[in-house]
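Remarks on the structure that follows.
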Amino acid sequence: MSLRIALLNAAHDGTANRRNFRRELDADLVEYDVTERELPEDFAFDGCLVTGSRASVYWDEPWIADLESWVGSAIDRGLPFLGVCFGHQLLADTLGGRVEPMDDYEIGYRTVEHDGENDLLDGVSDSFTVFTTHSDHVAQLPPGAEQFAENDYGVHGFRKGHVFSVQFHPEYDTETAETVTSGKDELADERVQRVIDGITEENYRAACEAKQLFENFTEYVRTVQSDATPGRGEVAADDD
């Protein structure tokens, strides 16, 4: 069965997100430009993905409130979710966690560690390389959520029921990493250049290990759907 997944694209220019996630996910992605307040009219999906964004979840913007409302309803219906960066933070906020600005900016290829207990990172080394770029973080997990990945900047992965989220960017290619880094005008030129110098084929190949999570997520979605008795988009909620 071909999976039907809602791609909730939160980038203000969604071109790179569109390219990267369509390349990585073996599914029929139905895209919504959520910054323009585009949202699905129903919940007829096998799963959902919330992308990264230059926005902060605590900004007082109508599209963020609309997105949280729809996401909360979809979670209540038992739809599996994957959140990336902003998506990770939005899922945490929607589920009752807390997102705050950080004292420092995490950007570039970094090492993250996971506990080996979560299906999303099955087959990924306990200590692995990823590309990161964020100035906010999940300061408090949602009630009942379990953290499964972290580094010295904080939470890099959590799960609650059918919801999985990661702070890092497993979807990035080198073109995206370079473009995003070059646009960080709030950072010192020397730091931006150091990050760009680190965007090498060697580091990119190392970070490709984390792309396993996309296959793991779609396998999880297939399992949820095969176990569900109702129709698509009406799966029973997990009590985990």
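The values are calculated or read from the model by the stated rules, or taken from the named source; none is laboratory data. Computed from a predicted structure; not experimentally measured. Neighbour counts run over all protein chains shown; Cβ positions are idealised from the backbone, glycine included. SASA here: full protein model, heavy atoms, side chains in, ligands and nucleic acids out. Shrake-Rupley method; radii C 1.70, N 1.55, O 1.52, S 1.80 Å.
The table that follows gives values for the structure above.
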| read-out | value |
| --- | --- |
| Some residue of segment 208-215 being in contact (Cβ under 8 Å) with a residue 60 or more places away in the chain, crowded, with 22+ Cβ neighbours inside 10 Å and of a type outside the set (A, V, I, L, M) | no |
| Test result for Gly123, outside any helix (DSSP H, G or I), open to solvent by 50 Å² or more (accessible area, probe 1.4 Å), out of contact with any helix residue (DSSP H, G or I) (no Cβ under 7 Å at 6 or more places or on another chain) and not acidic (Asp, Glu) | no |
| Residue match in segment 22-31 (condition: open to solvent by 10 Å² or more (accessible area, probe 1.4 Å) and more than 18 Å from the chain's Cα centre (by Cα)) | no |
| Positions within segment 160-219 being under 30 Å from Asp122 (Cβ atoms), among the polar types (S, T, N, Q) and out of contact with any helix residue (DSSP H, G or I) (no Cβ under 6 Å at 6 or more places or on another chain), in sequence order | Thr200, Asn203, Gln212, Thr218 |
| Identity of the residue in segment 8-19, in contact with a helix residue (DSSP H, G or I) (Cβ under 6 Å, 6 or more places away or on another chain) and surrounded by 14 or more Cβ atoms within 10 Å (Cβ to Cβ), that ends up nearest to Val221 (Cα to Cα) | Leu8 |
| Matching entry among Glu150, Glu117 (being open to solvent by 50 Å² or more (accessible area, probe 1.4 Å), outside any strand (DSSP E or B), out of contact with any Leu (no Cβ under 7 Å at 6 or more places or on another chain) and of a type in the set (Asp, Glu)) | Glu117 |
| Qualifying position, being hydrophobic (A, V, I, L, M, F, W, C), at pLDDT 95 or above, open to solvent by 10 Å² or more (accessible area, probe 1.4 Å) and under 20 Å from Val50 (Cα atoms), among Leu95, Leu91 | Leu95 |
| Qualifying position, being farther than 13 Å from Ala11 by Cα and open to solvent by less than 30 Å² (accessible area, probe 1.4 Å), among Phe81, Phe86 | Phe81 |
| Matching residues, segment 177-186, being open to solvent by 10 Å² or more (accessible area, probe 1.4 Å) and touching a strand residue (DSSP E or B) at 6+ places or on another chain (Cβ under 9 Å) | Val180, Lys184, Glu186 |
| Residue under evaluation Ile196, criteria (1) free of Cβ contacts under 8 Å to residues at least 40 places away in the same chain; (2) in contact with a Phe, Trp or Tyr (Cβ under 7 Å, 6 or more places away or on another chain), criterion not met | (2) |
| Enumerated strands (runs of 3 or more DSSP E) restricted to segment 3-101, each holding at least 2 residues that are closer than 20 Å to Pro142 by Cα and among the hydrophobic types (A, V, I, L, M, F, W, C) | 47-50, 81-84 |
| Filtered residue count, segment 153-171, keeping only those that are over 26 Å from Asp103 (Cβ atoms), open to solvent by 10 Å² or more (accessible area, probe 1.4 Å) and not in a strand (DSSP E or B) | 1 |
| Residues that are surrounded by 19 or more Cβ atoms within 10 Å (Cβ to Cβ) and in a strand (DSSP E or B), drawn from segment 137-147 | His137, Val138 |
| Restricting segment 220-230 to residues that are within 17 Å of Val163 (Cβ to Cβ) and either of a type outside the set (D, E, K, R) or in contact with a helix residue (DSSP H, G or I) (Cβ under 6 Å, 6 or more places away or on another chain) (or both), the residue that is most open to solvent (accessible area, probe 1.4 Å) | Thr223 |
